[in-house]
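All remarks here apply to the structure that follows.
Values in this text are rule-based calculations from the coordinates and carry no lab data. Computed from a predicted structure; not experimentally measured. Here the Cβ positions follow ideal geometry from the backbone for every residue, glycine too, while neighbour counts run over all protein chains shown.
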Amino acid sequence: MNARLISAVTTLSVGSAIVYAQEAFQLPALALEKDGAIARVWVVAATKNSVRYKETEVSSTTVDRKLSDLESIYVFEPSPLSEAIDVFESRKFSEAKAQFAAIREQCETIAPLPGGPAVIAAFYELESMRKLGDLEGLAKAMERFIKDPLVLDAQQKQVELYVMWDALRTESWERLETLAKNYENTSLSGNLRAQVAYLHGKALEGLERPKEALIPYAIAMTADAGDSVEVAGPAALRVLAIHLADEEVKTAMKVWGTKDENKNGAGYSDLIEAAAIAELYELSLGAGNPLPAEAKELSKFRVKVAQG
């Protein structure tokens, strides 16, 4: 299917609804034949290898086709799914999660259909859980999730990363570090790289190597320009916690502005970094969340930096 036709399908799909004709599920779709012919159909069920559809919206009879006999079949995106994705992109993840779960259940009869609304809704339901930090819910949902119908590479790679999130859930630090290292030479999008880096940092902290965690946390904050606030924000907070627990930083804070201040010391430079990250957290990475009480005092040090 060429790009022009894909665009047309996307445009047409907006506004289509999940329809129950005489209490039977159906969704409008385009069936593409191998000879180039295109027919509008109404899909009612699917398996991994076949699809069942009606040739008219009100037909009482159905047609069974092997997917291998078709060039492809494109189900129009139902408007509830479009609306749920809008809610998700507005970061209203709890609300979006409930909407995606409802769509997944409504579209259950076509769940195996490649790229269909059932698997897309199920995927976004998982993503809502991840962004909410509901790792227990994510692990449970993954038990029923079948990833084979996903067709987008980015979504498939995201599902692969859930293994790392589950290692975080179970605090399997050595395994998590190994998984993170496996991605070091792998090409990833900014969003995925930010996740891997954040989880690597968590693994290193779990292994009681906090100083080593600073570099992956920095990557988590910057890999996609901070857009992945669900990992960039927590990464920033972990950097602040590591610096504030450091004895040299504590000393630098005590002697700040006195004759004992050492601007060439590691504690001083780490304090400067912590103050800058605290400011960045308040500006963007925190997504509107306030700094923890123990980090608020860093503001006095960034004021000093601005003046000097």
*asked:* Can you work out the Karplus-derived ³J(HN,Hα) for every residue in the range 73-89? Use 6.51 cos²θ - 1.76 cosθ + 1.60 with θ = phi - 60°, whole Hz, and x for glycine or proline.
replied: 9, 10, 7, 5, 5, x, 4, x, 5, 4, 5, 5, 5, 4, 5, 4, 5
*Using only Cα atoms, find the angle between the long axis of helix 229-245 and the longest principal axis of the chain, and express it within 0 to 90 degrees, rounded to the nearest 10.*
20 degrees
*asked:* Please report the projected area of the range 132-173's Cα convex hull averaged over all directions, in nm².
replied: 3.3 nm²
_How much of the pair distance distribution for the chain lies past 31 Å, counting alpha-carbon pairs only, in percent?_
45 percent
*asked:* Based on alpha-carbon centroids, what's the gap between the range 33-49 and the range 274-303 in Å, whole number please?
replied: 54 Å
_If N is the number of residues in the range 48-202, what value comes out of its Cα radius of gyration divided by 2.2 N^0.38 Å?_
1.19
*For the range 25-40, just list the computed ³J(HN,Hα) in residue order, Karplus coefficients 6.51, -1.76 and 1.60, θ = phi - 60°, integers in Hz, with x standing in for Gly and Pro.*
5, 7, 9, x, 8, 10, 9, 9, 7, 5, 8, x, 5, 10, 10, 7
_What is the distance in Å between the Cα centroid of the range 180-210 and that of the range 65-131?_
28 Å
*Once both axes come from the Cα atoms, what is the angle between helix 93-106 and the longest principal axis of the chain, in degrees from 0 to 90, rounded to 10?*
20 degrees
*Determine the principal axes of the Cα atoms in the range 158-307, then give the extent along each, sorted from largest to smallest and rounded to whole angstroms.*
53, 29, 27
*Taking neighbour Cβ counts within 10 Å as the exposure measure, how do Tyr217, Tyr124 sort from fewest upward?*
Tyr124, Tyr217
_Under-5 Å amide H pairs with Ser72, H placed in peptide plane, nonlocal only_ = Leu32
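Most exposed first by the Cβ proxy, i.e. fewest other Cβ within 10 Å, how do Ile277, Ile85 rank? Provide the component values of the computation, followed by the final result.
Values: Ile277 23, Ile85 17.
Ordered from fewest to most neighbouring Cβ atoms within 10 Å, Ile277, Ile85 come out as Ile85, Ile277.
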*Quickly estimate the mean residue ellipticity at 222 nm for the chain, helices only: each DSSP H run with n ≥ 4 gives -39500 (n - 2.57), and the total goes over all residues, rounded to 500.*
-17000 deg cm²/dmol
*Work out from phi, with θ = phi - 60° and the Karplus expression 6.51 cos²θ - 1.76 cosθ + 1.60, the ³J(HN,Hα) of each residue of the range 122-130, listed in order in whole Hz, and give x for Gly and Pro.*
5, 4, 5, 4, 4, 5, 4, 4, 4
*For Val255, Val239, Val58, what ranking results if the residue with the fewest other Cβ atoms within 10 Å of its Cβ goes first?*
Val58, Val255, Val239
